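Take a look at the structure set out below.
The values are calculated or read from the model by the stated rules, or taken from the named source; none is laboratory data. The shown structure was predicted, so the numbers you read here are calculated from the model rather than taken from an experiment. Reconstructed Cβ throughout: ideal geometry from the backbone, glycine too, with neighbour counts over all protein chains shown. Ligands, DNA and RNA are excluded from the accessible area calculation, which covers all protein heavy atoms including side chains. Shrake-Rupley method; radii C 1.70, N 1.55, O 1.52, S 1.80 Å.
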Amino acid sequence: MLTVKKFNQISDIIYTQMPQDHYRFIEEGEDYDVALVRSAQLGEMPFPKQLLAIARAGAGVDNIPVDRCSEEGIVVFNTPGANANAVKELVLCGMILACRRIVPGIQWIRRQHEEGIAGVDKRMEKAKKDFAGGEIAGKTLGVIGLGAIGVMVANAAVAMDMDVIGYDPFLSVDAALRLSRSVKLAKTQEELLGRSDFLTLHLPQTAKTEGMINRNVLAAVKPGTILLNFARGGLIDDDAVIEALESGQLGRYVTDFPNDRIIANSKVIAMPHLGASTLEAEENCARMAVAQLKEYLISGTIKNSVNFPDCEYPLGEGWRIAIINRNVTNMVGQITAVLAKNGLNIEHMLNHSRGAWAYTMIDLIKKPSQTCLDALAGIDGVVRIRLIGEER
Ligand code: MLT
(Lines give C-alpha, C1' and ligand atoms only; values in the text may rest on other atoms or scores of the structure.)
Protein backbone atom coordinates (compact mmCIF):
# COMPACT_ATOMS: atom_id res chain seq x y z
CA MET A 1 0.00 0.00 0.00
CA LEU A 2 1.41 3.38 -1.02
CA THR A 3 0.47 6.63 0.67
CA VAL A 4 -0.60 9.61 -1.42
CA LYS A 5 -0.67 13.00 0.27
CA LYS A 6 -3.18 15.48 -1.15
CA PHE A 7 -2.06 19.03 -0.46
CA ASN A 8 -5.21 20.52 -2.03
CA GLN A 9 -8.72 19.57 -2.94
CA ILE A 10 -8.28 17.53 -6.16
CA SER A 11 -11.13 16.09 -8.26
CA ASP A 12 -12.55 12.82 -6.90
CA ILE A 13 -11.77 11.26 -10.26
CA ILE A 14 -8.42 10.27 -8.70
CA TYR A 15 -10.11 7.55 -6.65
CA THR A 16 -11.29 5.73 -9.76
CA GLN A 17 -7.71 5.62 -11.04
CA MET A 18 -5.98 5.01 -7.71
CA PRO A 19 -8.28 2.56 -5.91
CA GLN A 20 -8.20 2.83 -2.15
CA ASP A 21 -7.35 -0.84 -1.67
CA HIS A 22 -3.94 -0.06 -3.26
CA TYR A 23 -3.43 3.58 -2.34
CA ARG A 24 -4.02 5.28 0.98
CA PHE A 25 -4.90 8.97 0.72
CA ILE A 26 -3.99 11.43 3.46
CA GLU A 27 -4.35 15.19 3.83
CA GLU A 28 -2.31 15.57 7.02
CA GLY A 29 0.86 13.81 8.16
CA GLU A 30 4.50 13.64 7.20
CA ASP A 31 4.73 10.07 6.02
CA TYR A 32 3.87 9.68 2.32
CA ASP A 33 5.29 8.16 -0.88
CA VAL A 34 3.83 10.46 -3.51
CA ALA A 35 2.09 13.84 -3.42
CA LEU A 36 -0.68 15.54 -5.36
CA VAL A 37 -0.81 19.33 -5.28
CA ARG A 38 -2.63 22.18 -6.91
CA SER A 39 -1.68 25.62 -5.57
CA ALA A 40 -0.35 24.83 -2.06
CA GLN A 41 3.08 26.37 -1.46
CA LEU A 42 5.61 23.59 -0.88
CA GLY A 43 8.66 25.88 -1.07
CA GLU A 44 10.05 25.53 2.44
CA MET A 45 8.40 22.24 3.31
CA PRO A 46 10.70 19.36 4.33
CA PHE A 47 9.87 16.21 2.37
CA PRO A 48 9.95 12.64 3.72
CA LYS A 49 12.94 10.59 2.56
CA GLN A 50 10.71 8.04 0.84
CA LEU A 51 8.90 10.67 -1.30
CA LEU A 52 9.19 9.49 -4.89
CA ALA A 53 7.18 12.01 -6.87
CA ILE A 54 5.01 15.12 -6.71
CA ALA A 55 2.34 15.66 -9.35
CA ARG A 56 0.99 19.15 -9.91
CA ALA A 57 -2.57 19.22 -11.21
CA GLY A 58 -1.87 22.21 -13.44
CA ALA A 59 0.86 23.68 -15.58
CA GLY A 60 2.81 26.09 -13.36
CA VAL A 61 5.24 24.63 -10.83
CA ASP A 62 6.36 27.84 -9.12
CA ASN A 63 4.82 26.56 -5.86
CA ILE A 64 7.18 23.54 -5.86
CA PRO A 65 10.92 23.71 -5.02
CA VAL A 66 11.90 21.90 -8.23
CA ASP A 67 15.70 22.19 -7.79
CA ARG A 68 15.54 20.80 -4.27
CA CYS A 69 13.30 17.98 -5.50
CA SER A 70 15.93 17.04 -8.11
CA GLU A 71 18.63 16.95 -5.43
CA GLU A 72 16.39 14.69 -3.31
CA GLY A 73 15.54 12.40 -6.24
CA ILE A 74 11.88 13.46 -6.31
CA VAL A 75 10.31 13.51 -9.78
CA VAL A 76 8.01 16.51 -10.31
CA PHE A 77 5.23 16.10 -12.86
CA ASN A 78 2.85 18.71 -14.24
CA THR A 79 -0.12 18.41 -16.58
CA PRO A 80 0.60 20.64 -19.59
CA GLY A 81 -2.47 21.29 -21.73
CA ALA A 82 -4.96 19.64 -19.36
CA ASN A 83 -6.51 22.95 -18.36
CA ALA A 84 -5.60 24.90 -21.51
CA ASN A 85 -9.14 25.15 -22.81
CA ALA A 86 -10.44 26.55 -19.52
CA VAL A 87 -7.72 29.21 -19.48
CA LYS A 88 -8.27 30.02 -23.17
CA GLU A 89 -11.99 30.63 -22.54
CA LEU A 90 -11.23 32.97 -19.64
CA VAL A 91 -8.68 34.92 -21.68
CA LEU A 92 -11.31 35.50 -24.38
CA CYS A 93 -13.73 36.55 -21.65
CA GLY A 94 -11.04 38.87 -20.20
CA MET A 95 -10.55 40.59 -23.56
CA ILE A 96 -14.27 41.15 -23.92
CA LEU A 97 -14.64 42.36 -20.33
CA ALA A 98 -11.85 44.85 -20.97
CA CYS A 99 -13.49 46.44 -23.99
CA ARG A 100 -17.21 46.13 -23.24
CA ARG A 101 -18.61 47.68 -20.04
CA ILE A 102 -20.39 44.46 -19.12
CA VAL A 103 -19.57 44.36 -15.40
CA PRO A 104 -20.57 48.00 -14.71
CA GLY A 105 -23.77 47.35 -16.69
CA ILE A 106 -24.62 44.27 -14.63
CA GLN A 107 -23.82 46.17 -11.43
CA TRP A 108 -26.17 49.01 -12.51
CA ILE A 109 -29.02 46.53 -13.04
CA ARG A 110 -28.39 44.89 -9.64
CA ARG A 111 -28.40 48.31 -7.94
CA GLN A 112 -31.86 49.07 -9.37
CA HIS A 113 -33.17 46.04 -7.52
CA GLU A 114 -31.21 46.58 -4.31
CA GLU A 115 -32.27 50.22 -4.09
CA GLY A 116 -35.90 49.38 -4.97
CA ILE A 117 -35.95 51.54 -8.11
CA ALA A 118 -38.82 50.27 -10.28
CA GLY A 119 -39.06 50.25 -14.09
CA VAL A 120 -35.64 48.86 -15.01
CA ASP A 121 -36.93 47.69 -18.40
CA LYS A 122 -37.78 51.26 -19.35
CA ARG A 123 -34.92 53.07 -17.65
CA MET A 124 -32.15 50.87 -19.02
CA GLU A 125 -32.56 52.02 -22.61
CA LYS A 126 -31.53 55.51 -21.52
CA ALA A 127 -28.87 54.30 -19.10
CA LYS A 128 -27.10 52.00 -21.54
CA LYS A 129 -25.21 54.80 -23.27
CA ASP A 130 -22.90 54.80 -20.22
CA PHE A 131 -22.00 51.18 -20.82
CA ALA A 132 -21.10 51.22 -24.52
CA GLY A 133 -17.82 49.56 -25.47
CA GLY A 134 -15.73 48.27 -28.36
CA GLU A 135 -15.27 44.99 -30.22
CA ILE A 136 -12.28 42.71 -30.45
CA ALA A 137 -12.74 41.75 -34.12
CA GLY A 138 -10.24 43.57 -36.31
CA LYS A 139 -7.94 44.35 -33.35
CA THR A 140 -4.47 42.89 -32.98
CA LEU A 141 -3.64 40.41 -30.23
CA GLY A 142 -0.02 39.78 -29.30
CA VAL A 143 0.57 36.40 -27.63
CA ILE A 144 3.81 35.98 -25.70
CA GLY A 145 4.46 32.27 -25.15
CA LEU A 146 3.06 29.71 -27.56
CA GLY A 147 2.76 26.59 -25.42
CA ALA A 148 -0.47 24.63 -24.99
CA ILE A 149 -2.46 27.65 -23.74
CA GLY A 150 -0.85 30.32 -25.95
CA VAL A 151 -1.58 28.31 -29.11
CA MET A 152 -5.22 27.78 -28.13
CA VAL A 153 -5.68 31.47 -27.31
CA ALA A 154 -4.05 32.49 -30.61
CA ASN A 155 -6.22 30.12 -32.66
CA ALA A 156 -9.41 31.16 -30.87
CA ALA A 157 -8.61 34.85 -31.42
CA VAL A 158 -8.11 34.14 -35.14
CA ALA A 159 -11.55 32.49 -35.16
CA MET A 160 -12.93 35.69 -33.62
CA ASP A 161 -11.53 37.72 -36.51
CA MET A 162 -8.60 39.22 -34.66
CA ASP A 163 -5.17 39.68 -36.19
CA VAL A 164 -2.80 37.62 -34.10
CA ILE A 165 0.95 37.91 -33.68
CA GLY A 166 2.76 35.32 -31.61
CA TYR A 167 6.21 35.31 -30.06
CA ASP A 168 8.00 32.33 -28.58
CA PRO A 169 11.74 31.83 -28.95
CA PHE A 170 11.31 28.20 -27.81
CA LEU A 171 8.35 27.25 -30.03
CA SER A 172 8.11 23.44 -30.14
CA VAL A 173 7.41 21.52 -33.35
CA ASP A 174 4.22 20.19 -31.79
CA ALA A 175 2.98 23.70 -30.93
CA ALA A 176 3.96 25.02 -34.36
CA LEU A 177 1.90 22.26 -35.99
CA ARG A 178 -1.16 23.13 -33.91
CA LEU A 179 -0.87 26.90 -34.52
CA SER A 180 -3.25 28.43 -37.08
CA ARG A 181 -1.46 29.53 -40.23
CA SER A 182 -3.13 32.92 -39.83
CA VAL A 183 -1.00 33.63 -36.75
CA LYS A 184 2.01 35.74 -37.70
CA LEU A 185 5.19 34.91 -35.85
CA ALA A 186 7.30 37.78 -34.54
CA LYS A 187 11.07 37.32 -34.45
CA THR A 188 11.46 39.55 -31.42
CA GLN A 189 9.22 40.57 -28.56
CA GLU A 190 9.64 44.25 -29.55
CA GLU A 191 8.20 43.53 -32.99
CA LEU A 192 4.99 42.31 -31.36
CA LEU A 193 4.72 44.97 -28.64
CA GLY A 194 4.37 47.99 -30.92
CA ARG A 195 1.66 46.35 -33.03
CA SER A 196 -0.68 44.82 -30.45
CA ASP A 197 -3.91 46.29 -29.08
CA PHE A 198 -4.16 43.39 -26.62
CA LEU A 199 -1.16 41.65 -25.12
CA THR A 200 -1.54 38.28 -23.40
CA LEU A 201 1.11 36.35 -21.46
CA HIS A 202 1.36 32.57 -21.58
CA LEU A 203 4.69 31.61 -20.13
CA PRO A 204 5.84 30.20 -16.79
CA GLN A 205 7.22 32.27 -13.96
CA THR A 206 10.89 31.46 -13.66
CA ALA A 207 13.99 33.37 -12.57
CA LYS A 208 14.29 34.55 -16.21
CA THR A 209 10.68 35.71 -16.67
CA GLU A 210 10.10 37.27 -13.25
CA GLY A 211 9.22 40.96 -13.62
CA MET A 212 9.48 40.72 -17.43
CA ILE A 213 6.63 43.21 -17.91
CA ASN A 214 8.72 46.14 -16.77
CA ARG A 215 9.09 49.84 -17.64
CA ASN A 216 11.12 49.11 -20.81
CA VAL A 217 8.54 46.68 -22.15
CA LEU A 218 5.66 48.99 -21.29
CA ALA A 219 7.38 51.93 -22.98
CA ALA A 220 7.38 49.87 -26.20
CA VAL A 221 3.64 48.97 -26.23
CA LYS A 222 0.99 50.90 -28.17
CA PRO A 223 -0.65 53.57 -25.97
CA GLY A 224 -3.87 52.16 -24.51
CA THR A 225 -2.82 48.49 -24.81
CA ILE A 226 -4.89 46.02 -22.83
CA LEU A 227 -2.60 43.68 -20.92
CA LEU A 228 -3.89 40.23 -19.92
CA ASN A 229 -2.15 38.04 -17.39
CA PHE A 230 -3.57 34.57 -16.87
CA ALA A 231 -0.07 33.12 -16.37
CA ARG A 232 1.45 34.26 -13.06
CA GLY A 233 1.54 37.45 -10.98
CA GLY A 234 5.33 37.41 -10.72
CA LEU A 235 5.72 38.14 -14.45
CA ILE A 236 4.64 41.70 -13.71
CA ASP A 237 6.58 44.60 -12.27
CA ASP A 238 3.64 46.06 -10.32
CA ASP A 239 5.12 49.58 -10.09
CA ALA A 240 5.63 49.70 -13.85
CA VAL A 241 2.11 48.45 -14.59
CA ILE A 242 0.50 50.92 -12.15
CA GLU A 243 2.46 53.79 -13.72
CA ALA A 244 1.47 52.68 -17.23
CA LEU A 245 -2.21 52.48 -16.23
CA GLU A 246 -2.02 55.96 -14.72
CA SER A 247 -0.32 57.47 -17.78
CA GLY A 248 -2.69 55.73 -20.24
CA GLN A 249 0.11 53.68 -21.81
CA LEU A 250 -1.96 50.69 -20.65
CA GLY A 251 -5.73 50.96 -21.11
CA ARG A 252 -6.59 48.07 -18.79
CA TYR A 253 -4.81 45.30 -16.90
CA VAL A 254 -6.83 42.08 -16.73
CA THR A 255 -5.34 39.65 -14.27
CA ASP A 256 -6.05 36.32 -12.65
CA PHE A 257 -3.29 37.07 -10.11
CA PRO A 258 -4.26 40.23 -8.21
CA ASN A 259 -2.63 41.65 -5.11
CA ASP A 260 -3.63 44.40 -2.69
CA ARG A 261 -1.65 47.09 -4.55
CA ILE A 262 -2.79 46.29 -8.06
CA ILE A 263 -6.52 46.13 -7.25
CA ALA A 264 -6.44 49.69 -5.94
CA ASN A 265 -6.28 50.87 -9.56
CA SER A 266 -9.73 51.21 -11.15
CA LYS A 267 -8.40 50.16 -14.58
CA VAL A 268 -7.58 46.72 -13.22
CA ILE A 269 -10.04 43.90 -13.89
CA ALA A 270 -9.09 41.17 -11.44
CA MET A 271 -10.23 37.60 -10.93
CA PRO A 272 -9.31 35.24 -8.07
CA HIS A 273 -7.12 32.74 -10.05
CA LEU A 274 -10.08 31.24 -11.91
CA GLY A 275 -8.27 30.25 -15.12
CA ALA A 276 -8.34 26.51 -14.49
CA SER A 277 -11.36 26.48 -12.21
CA THR A 278 -13.81 24.50 -14.30
CA LEU A 279 -15.11 21.04 -13.59
CA GLU A 280 -13.69 19.85 -16.90
CA ALA A 281 -10.19 21.27 -16.34
CA GLU A 282 -10.04 20.02 -12.75
CA GLU A 283 -10.95 16.52 -13.88
CA ASN A 284 -8.52 16.60 -16.82
CA CYS A 285 -5.66 17.77 -14.60
CA ALA A 286 -6.42 15.23 -11.87
CA ARG A 287 -6.72 12.38 -14.38
CA MET A 288 -3.43 13.27 -16.06
CA ALA A 289 -1.54 13.88 -12.80
CA VAL A 290 -2.64 10.55 -11.35
CA ALA A 291 -1.97 8.61 -14.58
CA GLN A 292 1.60 9.96 -14.66
CA LEU A 293 2.17 9.16 -10.99
CA LYS A 294 0.85 5.63 -11.42
CA GLU A 295 2.99 4.94 -14.46
CA TYR A 296 6.02 6.11 -12.55
CA LEU A 297 5.17 3.96 -9.53
CA ILE A 298 4.36 0.84 -11.53
CA SER A 299 6.96 0.90 -14.31
CA GLY A 300 9.33 3.77 -13.63
CA THR A 301 8.08 5.59 -16.75
CA ILE A 302 8.65 9.33 -16.68
CA LYS A 303 6.37 11.47 -18.80
CA ASN A 304 5.79 15.22 -18.42
CA SER A 305 8.27 15.75 -15.65
CA VAL A 306 9.68 19.24 -15.20
CA ASN A 307 12.96 18.08 -13.66
CA PHE A 308 13.82 14.73 -15.26
CA PRO A 309 13.83 13.51 -18.86
CA ASP A 310 10.98 11.55 -20.42
CA CYS A 311 11.87 7.86 -20.26
CA GLU A 312 9.56 5.05 -21.30
CA TYR A 313 9.99 1.37 -22.14
CA PRO A 314 7.44 -1.45 -21.71
CA LEU A 315 7.93 -3.35 -18.49
CA GLY A 316 8.85 -6.97 -19.08
CA GLU A 317 8.86 -10.08 -16.90
CA GLY A 318 11.89 -9.63 -14.66
CA TRP A 319 13.17 -6.76 -12.54
CA ARG A 320 13.76 -3.13 -13.27
CA ILE A 321 16.20 -0.87 -11.49
CA ALA A 322 15.31 2.83 -11.86
CA ILE A 323 18.16 5.17 -11.02
CA ILE A 324 18.14 8.93 -10.65
CA ASN A 325 21.66 10.26 -11.04
CA ARG A 326 23.63 13.39 -11.82
CA ASN A 327 24.41 13.84 -15.49
CA VAL A 328 28.19 13.43 -15.16
CA THR A 329 30.84 11.36 -16.92
CA ASN A 330 30.98 7.60 -16.46
CA MET A 331 27.77 7.08 -14.49
CA VAL A 332 26.61 4.33 -16.85
CA GLY A 333 30.12 2.79 -16.75
CA GLN A 334 30.05 2.66 -12.94
CA ILE A 335 26.47 1.32 -12.82
CA THR A 336 27.14 -1.48 -15.32
CA ALA A 337 30.39 -2.36 -13.54
CA VAL A 338 28.46 -2.91 -10.28
CA LEU A 339 25.92 -5.10 -12.10
CA ALA A 340 28.71 -7.14 -13.76
CA LYS A 341 30.45 -7.59 -10.42
CA ASN A 342 27.18 -8.98 -9.04
CA GLY A 343 26.82 -11.42 -11.93
CA LEU A 344 23.80 -9.63 -13.44
CA ASN A 345 23.19 -9.57 -17.18
CA ILE A 346 21.37 -6.50 -18.57
CA GLU A 347 18.32 -7.34 -20.69
CA HIS A 348 17.57 -3.75 -21.64
CA MET A 349 18.82 -0.34 -20.61
CA LEU A 350 17.72 3.28 -21.15
CA ASN A 351 19.69 6.31 -20.05
CA HIS A 352 18.25 9.75 -20.74
CA SER A 353 19.56 13.05 -19.53
CA ARG A 354 18.15 16.51 -19.04
CA GLY A 355 20.42 19.34 -17.98
CA ALA A 356 22.22 18.41 -14.79
CA TRP A 357 20.19 15.22 -14.25
CA ALA A 358 19.83 11.78 -15.80
CA TYR A 359 17.55 8.81 -15.39
CA THR A 360 18.56 5.23 -16.04
CA MET A 361 16.26 2.21 -16.30
CA ILE A 362 17.87 -1.23 -16.36
CA ASP A 363 15.90 -4.42 -16.93
CA LEU A 364 17.23 -7.68 -15.50
CA ILE A 365 15.96 -11.24 -15.42
CA LYS A 366 17.62 -12.06 -12.10
CA LYS A 367 16.66 -10.19 -8.96
CA PRO A 368 19.53 -7.97 -7.75
CA SER A 369 20.63 -8.54 -4.16
CA GLN A 370 20.41 -5.84 -1.50
CA THR A 371 24.24 -5.69 -1.56
CA CYS A 372 24.11 -4.89 -5.27
CA LEU A 373 21.44 -2.20 -4.74
CA ASP A 374 23.46 -0.70 -1.89
CA ALA A 375 26.55 -0.60 -4.11
CA LEU A 376 24.55 1.22 -6.83
CA ALA A 377 23.16 3.65 -4.27
CA GLY A 378 26.71 4.28 -3.05
CA ILE A 379 27.97 5.52 -6.43
CA ASP A 380 28.85 9.18 -6.17
CA GLY A 381 26.16 11.08 -8.14
CA VAL A 382 23.36 8.55 -7.65
CA VAL A 383 20.55 10.16 -5.65
CA ARG A 384 17.87 7.48 -5.78
CA ILE A 385 17.58 3.77 -6.58
CA ARG A 386 14.30 1.95 -6.94
CA LEU A 387 13.73 -1.74 -7.56
CA ILE A 388 10.53 -2.37 -9.51
CA GLY A 389 9.14 -5.88 -9.68
CA GLU A 390 8.04 -7.01 -6.29
CA GLU A 391 5.22 -4.55 -5.89
CA ARG A 392 3.67 -5.48 -9.27
C1 MLT B 1 -1.90 26.22 -13.72
O2 MLT B 1 -0.74 26.50 -13.45
O3 MLT B 1 -2.18 25.44 -14.65
C4 MLT B 1 -3.04 26.79 -12.88
O5 MLT B 1 -2.53 27.67 -11.96
C6 MLT B 1 -3.80 25.68 -12.27
C7 MLT B 1 -4.66 26.01 -11.07
O8 MLT B 1 -5.52 26.88 -11.09
O9 MLT B 1 -4.51 25.33 -10.05
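Which number in (1) of a type in the set (S, T, N, Q); (2) more than 26 Å from the chain's Cα centre (by Cα); (3) within 23 Å of Val66 (Cβ to Cβ) marks the one condition that Ser266 misses?
Failing condition for Ser266: (3).
Restricting attention to the range 282-294, which residues are of a type in the set (A, V, I, L, M, F, W, C), open to solvent by less than 20 Å² (accessible area, probe 1.4 Å) and more than 8 Å from the ligand (Cβ to nearest atom)?
Residues satisfying the conditions are Ala286, Ala289, Val290, Leu293.
Condition first: polar (S, T, N, Q), outside any helix (DSSP H, G or I) and surrounded by fewer than 23 Cβ atoms within 10 Å (Cβ to Cβ). Can you find one or more residues in the range 54-72 that meet it?
Checked against the condition, which is being polar (S, T, N, Q), outside any helix (DSSP H, G or I) and surrounded by fewer than 23 Cβ atoms within 10 Å (Cβ to Cβ), the range 54-72 yields at least one hit.
Got a sec? Which of Leu36, Leu90, Leu42 is under 24 Å from Ala148 (Cβ atoms) and in a helix (DSSP H, G or I)?
Leu90
Yes or no: the range 356-371 includes at least one residue that is in a helix (DSSP H, G or I), among the hydroxyl-bearing types (Ser, Thr, Tyr), within 25 Å of Asp33 (Cβ to Cβ) and touching a residue at least 24 places away in the same chain (Cβ under 8 Å). Spell out the reasoning first.
Here is the first cut: in the range 356-371, the ones in a helix (DSSP H, G or I) are 370-371.
From what is left, the residues that are among the hydroxyl-bearing types (Ser, Thr, Tyr) are 371.
Next, only the ones that are within 25 Å of Asp33 (Cβ to Cβ) stay: 371.
Filter again for touching a residue at least 24 places away in the same chain (Cβ under 8 Å), leaving 371.
Yes, because at least one residue in the range 356-371 is in a helix (DSSP H, G or I), among the hydroxyl-bearing types (Ser, Thr, Tyr), within 25 Å of Asp33 (Cβ to Cβ) and touching a residue at least 24 places away in the same chain (Cβ under 8 Å).
Can you confirm whether the range 305-323 contains a residue that is among the small types (Gly, Ala, Ser) and open to solvent by 50 Å² or more (accessible area, probe 1.4 Å)? Please lay out each step first, then the result.
Here is the first cut: in the range 305-323, the ones among the small types (Gly, Ala, Ser) are 305, 316, 318, 322.
So of that shortlist, the ones also open to solvent by 50 Å² or more (accessible area, probe 1.4 Å) come out as none.
Scanning the range 305-323, I find no residue that is among the small types (Gly, Ala, Ser) and open to solvent by 50 Å² or more (accessible area, probe 1.4 Å), so the answer is no.
Going by the structure shown, is Leu42 away from the ligand (no atom under 11 Å from the Cβ) and within 16 Å of the chain's Cα centre (by Cα)?
Taking the combined requirement at face value, the residue satisfies it.
Which of the residues spanning the range 29-39 are more than 16 Å from the ligand (Cβ to nearest atom) and touching a helix residue (DSSP H, G or I) at 6+ places or on another chain (Cβ under 9 Å)?
If the condition is that a residue be more than 16 Å from the ligand (Cβ to nearest atom) and touching a helix residue (DSSP H, G or I) at 6+ places or on another chain (Cβ under 9 Å), then Asp33, Val34 are the ones that fit.
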